[in-house]
């Protein structure tokens, strides 16, 4: 009988359930359990849930209830619902609502503090409530609220903190105090972005859901005064650069709150790639600032000139209009010339892509693009630089990331940026990544070359049979990848590093074959005929396995 590969040892599952029982005794522990689960790949999450369903306990049922609530209509949530039904059939029926809701009403509200970073597209929010059992202590809700697709991006919860502990955690100078109603408004406005983009809010919904249920008329009020939390020492130039960033990220609510009447007519545009201020005039408290924008449209690039008008009024700047002055088509060569210096790279072999993805997504200023296939693309902006100089691809972009199932490529244009990113990755992800040596970087970078050959073109490289075909493959590989130094794939795969690279190359050829929908039988026969896939020594075994 075939053994179920996803079944964990019984003793391990029982010990896990015991640890889970301790965590589920408090809201902080339950949140920690969810966060630990979140760090696992989806298939491991589901396997763990299925294994835990063998333990018939209320604590496990509570955990499943929380998972189902935190991951609605997701595979993980559906797996938890199925496992919960199994426990209900086994007689565990007393935990339909999981943990009790946290009381965070206006009656026990103490203080709310908001970071002055709204112009960057996100704020940190600290909400303090008097603990019901020990009123001299505080329960702290910490949010990172994004006004883009991620909405309620991060959540942290701590109970029974003393005043001194709160002061250690929160620097009052970086925050502005706001009322209970305005705190609710901020949370609910961010949550609206989750609903609009159909993205999941941060884990901990079971703790902060009461704040979402207390929506007020002020929550929807477009006159809600965001200005004090935009940034420190706002200048007209900062505001214009922040407006361009908001347009790029479709953060149109920011434009509404900057306008005096909550209305602003925005010229039509595609994705903004670049922005820079070219002229500025000030007359009688009215600023007219011209900005040059590069926009990506369906048919190509456009160079736009906008005039952004600001009125200086009561120590603040009010957005009074955005007018399109000029538009001209631009050749794609502009992008190539602008990114010509983006040729500094480092490459990593990835052992835990899910953990790497979560870390990259947590970086301030990160943007995610998925262009199909198995690769994820991220652009990391220095938001402080954006506010000072605009969306400059040369200066304000720290790095681009390309993440695959087993590869991470970092691309940037300056050595100091490259070193900064390398230090950050290696200090935070010591077990998830392994740096490839300098010679390997060029090989792996070429694997993601945009000029991919079709599978049929690849097949044409090997039209002969037997040893001639094998020679032809080696010749082609050594032409394409000079780092092989004349070795055949079989010879080159003798080292661990080379095995990684060759494994990546096999994946590339495999993807080409799949993309062209050609017969994979011929593809496998081709690889076998030239010595790929033999089980001798270290030859082409997936280097991530057995690690």
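The values are calculated or read from the model by the stated rules, or taken from the named source; none is laboratory data. Bear in mind the structure is a predicted one, so any value in this text is a computation, not a measurement. All Cβ positions, glycine included, derive from the backbone under ideal geometry; neighbour counts span all protein chains shown.
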Quiz item: Somewhere in the stretch 221-236, is a residue surrounded by 20 or more Cβ atoms within 10 Å (Cβ to Cβ), modelled with pLDDT of 95 or more and within 30 Å of residue 275 (Cβ to Cβ)?
Solution: no
Quiz item: Between residues in the stretch 161-175 that are under 9 Å from residue 140 (Cβ atoms) and residues that are at pLDDT 90 or above and assigned to a loop (DSSP other than H, G, I, E, B), which pairs lie under 7 Å by C-beta distance while being six or more apart or on different chains?
Solution: 161/137
Exercise. Determine the pairs where a residue that is at positive phi and modelled with pLDDT under 90, located within the stretch 56-75, has a partner that is in a loop (DSSP other than H, G, I, E, B) and buried (at least 18 other Cβ atoms within 10 Å of the Cβ) with Cβ atoms under 9 Å apart, the partner being 6 or more residues away or on another chain.
Key: none
Practice problem: Might you check whether a residue that is modelled with pLDDT of 90 or more and either assigned to a strand (DSSP E or B) or closer than 30 Å to residue 119 by Cβ (or both) occurs anywhere in the stretch 344-357? | Solution: yes
Quiz item: Which residue out of 322, 327, 289, 294 is at pLDDT 90 or above, outside the structural domain of residue 189 (by TED's automatic domain parsing), in contact with a strand residue (DSSP E or B) (Cβ under 7 Å, 6 or more places away or on another chain) and more than 21 Å from residue 386 (Cβ to Cβ)?
Solution: 327
Exercise. Could you list, in sequence order, all residues of the stretch 222-251 that are out of contact with any helix residue (DSSP H, G or I) (no Cβ under 8 Å at 6 or more places or on another chain), within 21 Å of residue 379 (Cα to Cα) and either in a loop (DSSP other than H, G, I, E, B) or assigned by TED's automatic domain parsing to the domain that holds residue 179 (or both)?
Key: 249, 250
Exercise. Go through the residues of the stretch 381-391 one by one and say whether even a single one is assigned to a loop (DSSP other than H, G, I, E, B), in contact with a strand residue (DSSP E or B) (Cβ under 9 Å, 6 or more places away or on another chain) and farther than 19 Å from residue 271 by Cα.
Key: no
Quiz item: When you look at residue 32, is it surrounded by fewer than 19 Cβ atoms within 10 Å (Cβ to Cβ), in contact with a helix residue (DSSP H, G or I) (Cβ under 7 Å, 6 or more places away or on another chain), assigned by TED's automatic domain parsing to the domain that holds residue 71 and over 17 Å from residue 84 (Cα atoms), yes or no?
Solution: yes
